[in-house]
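Here the structure comes first, spelled out in structure tokens, and everything after it is commentary.
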2 protein chains.
Amino acid sequence: MLIVALFVVSNLSAQEKIAKWEIFELSLKGSVAGNPFVNTQVIAEFKHGSKSVKPEGFYDGDGIYKIRFMPDEEGIWTYTTSSNQPELDKKKGNFICVAAKKDIYGPVSVRNVYHFGYADGKPFYPFGTTIYEWSFQDRNRKDQTIATLKASPFNKVRMLAVPPYKSTYLEGPNKMSVFPFEGSSKSNFDFSRFNPAYFKMLEQDISQLAAIGIQADLILFRPYDKGRWGFDTMDDATNIRYLKYMVARFGAYHNIWWSLCNENSFIKNLADEDWDRYFQVVQKADPYSHLRSIHNADRVYDYNKPWVTHVSLQYYNVVKSPWGTSLLRDVYKKPIVNDEINYEGTSEKRWGQLSGEEMVFRFWNAYIGGGYATHGETLPAWIGSGGVLKGTSPARIAFLKQIVEAGPQEGLEPVDHFYETNIAGKYGSYYLIYFGKERPKEWQFKLPKSALTDGMHFKAEVIDTWNMSITQVDKVFETKKLDGYSFLDSKGGKVKLPGKPYMALRIMLVDDSLTPKVKKSKGNELNEDMP
Amino acid sequence: MLIVALFVVSNLSAQEKIAKWEIFELSLKGSVAGNPFVNTQVIAEFKHGSKSVKPEGFYDGDGIYKIRFMPDEEGIWTYTTSSNQPELDKKKGNFICVAAKKDIYGPVSVRNVYHFGYADGKPFYPFGTTIYEWSFQDRNRKDQTIATLKASPFNKVRMLAVPPYKSTYLEGPNKMSVFPFEGSSKSNFDFSRFNPAYFKMLEQDISQLAAIGIQADLILFRPYDKGRWGFDTMDDATNIRYLKYMVARFGAYHNIWWSLCNENSFIKNLADEDWDRYFQVVQKADPYSHLRSIHNADRVYDYNKPWVTHVSLQYYNVVKSPWGTSLLRDVYKKPIVNDEINYEGTSEKRWGQLSGEEMVFRFWNAYIGGGYATHGETLPAWIGSGGVLKGTSPARIAFLKQIVEAGPQEGLEPVDHFYETNIAGKYGSYYLIYFGKERPKEWQFKLPKSALTDGMHFKAEVIDTWNMSITQVDKVFETKKLDGYSFLDSKGGKVKLPGKPYMALRIMLVDDSLTPKVKKSKGNELNEDMP
């Protein structure tokens, strides 16, 4: 037996130090007899105080088995392995988990029902983009993609773990040489043997994303093959083995989100019941409970199911108005991520010909509705291979992101979502009002009543969401009750607006002496008082 | 033992005749010892050929137990009772089920996933209205309500099975004298004893509705009591006994729909898990599988659950655009009935101040979105007590109903619901295009490609949905493929429109020689061809 990691198990003084939420990797030499991918099971129990975490290991080729672990508490962690292979069984050791590195906040999970946060408490507001096939590009292109992302507002990418079948991956400069399975074509793929080189490539990409603070929304299955390679027509046992292998390899990366499938209904041989099972395979195998969702085509999976952590929807209409996202919050009671809202570009395809204005409009609607959205552009061809961004929307999305980050830490909530659907914020202290394609020339100061009392003071700013300007209104507004629903300014104050589309207002409490009495909305005055 | 029904069990020549889908009622005299509502179980098995149906009976007071049965096949039905009371046990008999009466089509169930149909095959397109408390009014008012309904477009009413607590029911001319339970106030209600007189009153109302072809969407529980009578704070065993009693009494009425609750989340002591159970109590007890849903307030019940047959939603925004309903179809894969979309009227309450135009606009959006809607008006006070309709929307809803009934029998389906969301109909033969608040001056003939080929001929009609006119366009259009999505008229033909809101178009195939190749839409060209 050989421990290949650079430490001596029994020597506490030279103990390995792993920063919180980074990866401790235990490498063990074992037998290669038979098919190690199928026949060898290895798992380790990591302990710290009363905590016990049991990640499964995986075979990494060349006789090496690996177990990866992401510690989430500082201090000494001990481990013991178990395996059906004697060489891998009952190995013990320990390491010290030290403070997290700068700008590492741990994995993201659901917070406040509809929102997200990092493990360390910092909120995470998804601003996604789409680079399905960036992992299958050459080194220069990948470096360019990373540089572009680093300079962009985006903090989550949707990416495929398995390439689509296409001619450029079969011949020419983009020809792929490594595949998820041993072999190079349908005629010789051995679906019982993974290709570690392929997954090492993916791991490098995930690590690079982690290094620049980007969540990898990793899409495990996809159609776009129709049996030509056979990656979307594998049998059930192979699919499950693949899922467990993915969790064993990638689960310890703090920036992983699991997307079970892209456009799942286009994989004709898998029904929703199969996805139910596959979700549960991932849920059971993943000791960190990374976020789990699935991305629909024409058949929408039931996101109410308990193993789904958030909604990862393709439904363009939802973001044509803030109430679409807000409706889905009520339907699913989970975070709504509008993960495909069409793409900015000039494609002949309807799904790839949004103007920058329309993309930004849809983004604002998603966030005002209390949810999130994901960008993409077809200006050839970021959504496919990454590279550089050419569209006009990313700068405006960055502007929106600044506003969201400076807003309520809990995330934007619709404040009167059955009636005044264009207002989000936090009762009594913060209101973001979005006018979309309307062209108002003025706005009468008027806020929904929840948490308001007479005499509270608010300032207003006019936001031009397209030209990215924020202009303070030279006036302080004082609340005065109008009726059972609203408060006006006591002097009937108004805000002048330029009569252009894509304008917004930010209304914030200025008078700290009047802490708002925040109370929960009772269904926004639904007819409790029914006649 | 006494059979009180007007027939002799053993005399086949004088055998009772019951029309299909009417009620055969077996009345049996039994013991009144103890509490018959709680202690006596009686059930009958009705058999016809290989069919067996087992409705539960109920105690109707005065020593009479009843078992009601709705036969759905012509011919001889035999029955045998079972009971824990010897006097009610092992009673046998039979009757002949004869042809259905004129205009009786049997109970309504789900058809074509998103639509409804009667048992005899006739489609049922819900056009609902709301008369929550009509059952608790005096005879004159009830007669007036029935007369109004008969002359209206409405074919479904939402009505409460239990009154809300209010002062007019406690004193004055509207004072209620019968209640669901024995007693007259919280201090003396005996929740273990139903009051048969109360339910006989309700039955008469349900029968009257049946006689004029109206479905009774009977709301079993409601808030609006807050414990003052205690009808919304009964214990679990009482709730379940009440549900079973309702099913035993009302299940044999062909026009019953079960609405488990109105605004269920306002009953604070019942969680969604309780509603799960209550749904299943009804499902199990009801041998006819009448439609089952629940009507939300602020917390939306998960309509994906298997015991829910259709969505009975209160969510006003959904009907602000056709895509709202169409989105919910995809989410729930069940019929969407927008059962509360605010009410026409001039109430001070936001939920009761729609203009007639807005009500009609919301109706059209619901049907173009592939669903249904329910009307109500606060013009005092149809939604409460019935009486007469004073609003401007019912006539226009009648006009829409005529159009829907003359349309595709399968029900209106959105034909390009991810992109061109204002078109419903049937691929290749029928298109209803609704412009809502837009004011187009012309419409270029352009239809989504599904089921179209070059050279098909269509006629067009201009519909003024508010002024209720249909004007034939003096032109025949011939399809010619434009691109991967649409067909135009081969001569670039257009339809002139008046630049007013609330206009629609009806486009129908005129050339029978070209039967359209109807094919299933593949997700409306979602990006199967992803780059």
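Please work out which one of (1) within 14 Å of chain A (Cβ to nearest Cβ); (2) at pLDDT 95 or above; (3) open to solvent by 40 Å² or more (accessible area, probe 1.4 Å) is the condition B:GLU528 fails and give its number.
Failed condition: (2).
Could you list, in sequence order, the residues of the stretch B:329-338 that are open to solvent by less than 10 Å² (accessible area, probe 1.4 Å) and more than 8 Å from every other protein chain (Cβ to nearest Cβ)?
Of everything in the stretch B:329-338, those that are open to solvent by less than 10 Å² (accessible area, probe 1.4 Å) and more than 8 Å from every other protein chain (Cβ to nearest Cβ) turn out to be B:TYR332, B:PRO335, B:ILE336, B:VAL337, B:ASN338.
When the residues of the stretch B:93-117 are narrowed to those that are outside any loop (DSSP other than H, G, I, E, B) and among the aliphatic types (A, V, I, L, M), which ends up least open to solvent (accessible area, probe 1.4 Å)?
Ranking the candidates gives B:VAL108 first.
Considering each of A:THR309, A:THR378, A:THR392 in turn, give the residue that is more than 24 Å from A:SER259 (Cα to Cα) and open to solvent by 20 Å² or more (accessible area, probe 1.4 Å).
Within the list A:THR309, A:THR378, A:THR392, the selection yields A:THR392.
Every residue, every condition in (1) over 18 Å from the mean Cα position of the chain (by Cα); (2) within 11 Å of another protein chain (Cβ to nearest Cβ); (3) surrounded by 22 or more Cβ atoms within 10 Å (Cβ to Cβ), yes or no:
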| position | (1), (2), (3) |
| --- | --- |
| A:THR233 | yes, no, no |
| A:SER259 | no, no, yes |
| A:GLN280 | yes, no, no |
| A:PRO322 | yes, yes, yes |
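Of the residues A:VAL300, A:VAL311, A:VAL319, A:VAL331, which single one is at pLDDT 95 or above, within 25 Å of A:TYR502 (Cα to Cα) and of a type outside the set (D, E, K, R)?
A:VAL319
Residues of the stretch B:185-202 being open to solvent by less than 40 Å² (accessible area, probe 1.4 Å) and in a strand (DSSP E or B), which ones?
Correct list: B:SER192, B:PHE194.
How many residues are assigned to a loop (DSSP other than H, G, I, E, B) and out of contact with any Ser or Thr (no Cβ under 7 Å at 6 or more places or on another chain) if we restrict to the stretch A:246-280?
10
For the subset of the stretch A:398-420 comprising residues that are open to solvent by 10 Å² or more (accessible area, probe 1.4 Å) and of a type in the set (D, E, K, R), which member is farthest from the chain's Cα centre (by Cα)?
A:GLU420
Name the pairs whose Cβ atoms lie under 8 Å apart, with the first residue in the stretch B:344-371 and within 14 Å of chain A (Cβ to nearest Cβ), the second in a loop (DSSP other than H, G, I, E, B) and charged (D, E, K, R), and 6 or more positions between them or separate chains?
B:GLU348/A:ASP483; B:LYS349/A:ASP529
For the stretch B:208-233, how many residues meet the condition of being in a loop (DSSP other than H, G, I, E, B) and touching a helix residue (DSSP H, G or I) at 6+ places or on another chain (Cβ under 7 Å)?
Residues in the stretch B:208-233 being in a loop (DSSP other than H, G, I, E, B) and touching a helix residue (DSSP H, G or I) at 6+ places or on another chain (Cβ under 7 Å): 3 in total.
Specify which of the listed residues (B:ASP286, B:ASP298, B:ASP276) is within 11 Å of chain A (Cβ to nearest Cβ) and among the charged types (D, E, K, R).
B:ASP298
Scan the stretch A:374-396 and tell me whether some residue there is under 25 Å from B:LEU328 (Cα atoms) and more than 9 Å from chain B (Cβ to nearest Cβ).
Yes, the conditions are met somewhere in the stretch A:374-396.
Take the residues of the stretch B:293-306 that are in contact with a helix residue (DSSP H, G or I) (Cβ under 6 Å, 6 or more places away or on another chain) and among the charged types (D, E, K, R): which is surrounded by the fewest Cβ atoms within 10 Å (Cβ to Cβ)?
Selected residue: B:ARG299.
Tell me which residues, restricted to the stretch B:203-220, are open to solvent by 20 Å² or more (accessible area, probe 1.4 Å) and out of contact with any Lys or Arg (no Cβ under 6 Å at 6 or more places or on another chain).
Answer for the stretch B:203-220, where residues must be open to solvent by 20 Å² or more (accessible area, probe 1.4 Å) and out of contact with any Lys or Arg (no Cβ under 6 Å at 6 or more places or on another chain): B:GLN204, B:SER207, B:GLN208, B:ALA211, B:GLY213.
Does A:ILE240 qualify as being more than 11 Å from chain B (Cβ to nearest Cβ), open to solvent by less than 10 Å² (accessible area, probe 1.4 Å) and in contact with a helix residue (DSSP H, G or I) (Cβ under 8 Å, 6 or more places away or on another chain)?
Spelling it out, it is not the case that A:ILE240 is more than 11 Å from chain B (Cβ to nearest Cβ), open to solvent by less than 10 Å² (accessible area, probe 1.4 Å) and in contact with a helix residue (DSSP H, G or I) (Cβ under 8 Å, 6 or more places away or on another chain).
Taking the stretch A:429-469 as the search range and keeping residues that are within 18 Å of A:PHE363 (Cα to Cα) and of a type in the set (A, V, I, L, M, F, W, C), which one is surrounded by the most Cβ atoms within 10 Å (Cβ to Cβ)?
A:LEU432
Filtering the stretch A:167-199 down to residues that are basic (Lys, Arg) and touching a residue at least 40 places away in the same chain (Cβ under 8 Å), which residue is farthest from A:SER385 (Cα to Cα)?
Taking the candidates together, the pick is A:ARG193.
Filter the stretch A:470-489 down to residues that are in contact (Cβ under 8 Å) with a residue 40 or more places away in the chain and of a type in the set (Phe, Trp, Tyr) and give me whichever is surrounded by the fewest Cβ atoms within 10 Å (Cβ to Cβ).
Residue satisfying both the conditions and the ranking: A:TYR485.
Looking at B:ILE43, B:ILE76, can you tell me which residue is within 23 Å of B:ALA100 (Cβ to Cβ) and of a type in the set (A, V, I, L, M)?
None of the other options fit; the residue is B:ILE76.
Hey, can you tell me all the residues within the stretch A:29-71 that are part of a loop (DSSP other than H, G, I, E, B), more than 27 Å from the chain's Cα centre (by Cα) and at negative phi?
Matches in the stretch A:29-71: A:GLY30, A:SER31, A:VAL32, A:ALA33, A:ASN35, A:THR40, A:GLN41, A:SER50, A:ASP60.
Within the stretch B:397-444, track down each residue that is part of a loop (DSSP other than H, G, I, E, B), free of Cβ contacts under 8 Å to residues at least 60 places away in the same chain and either under 19 Å from B:GLY493 (Cα atoms) or within 14 Å of chain A (Cβ to nearest Cβ) (or both).
Listed by number, the residues that qualify are B:GLU420, B:LYS441.
Residues of the stretch A:338-359 being of a type in the set (Val, Ile, Thr) and over 23 Å from A:LEU327 (Cβ atoms), which ones?
A:THR346
For the stretch A:307-320, name all the residues that are within 11 Å of another protein chain (Cβ to nearest Cβ) and closer than 18 Å to A:PHE116 by Cα.
Passing the criteria: A:VAL311, A:LEU313.
Got a number for residues in the stretch B:121-147 being away from every other protein chain (no Cβ under 14 Å), polar (S, T, N, Q) and crowded, with 16+ Cβ neighbours inside 10 Å?
Going through the stretch B:121-147 one residue at a time, the tally reaches 4.
The values are calculated or read from the model by the stated rules, or taken from the named source; none is laboratory data. Source: prediction; values computed, not measured. A quick note on method: Cβ atoms are made from the backbone with ideal geometry, for glycine too, and the neighbour counts reach across all protein chains shown. Quick note on the areas: whole protein, heavy atoms, side chains included, nothing else; ligands and nucleic acids left out. Shrake-Rupley method; radii C 1.70, N 1.55, O 1.52, S 1.80 Å.
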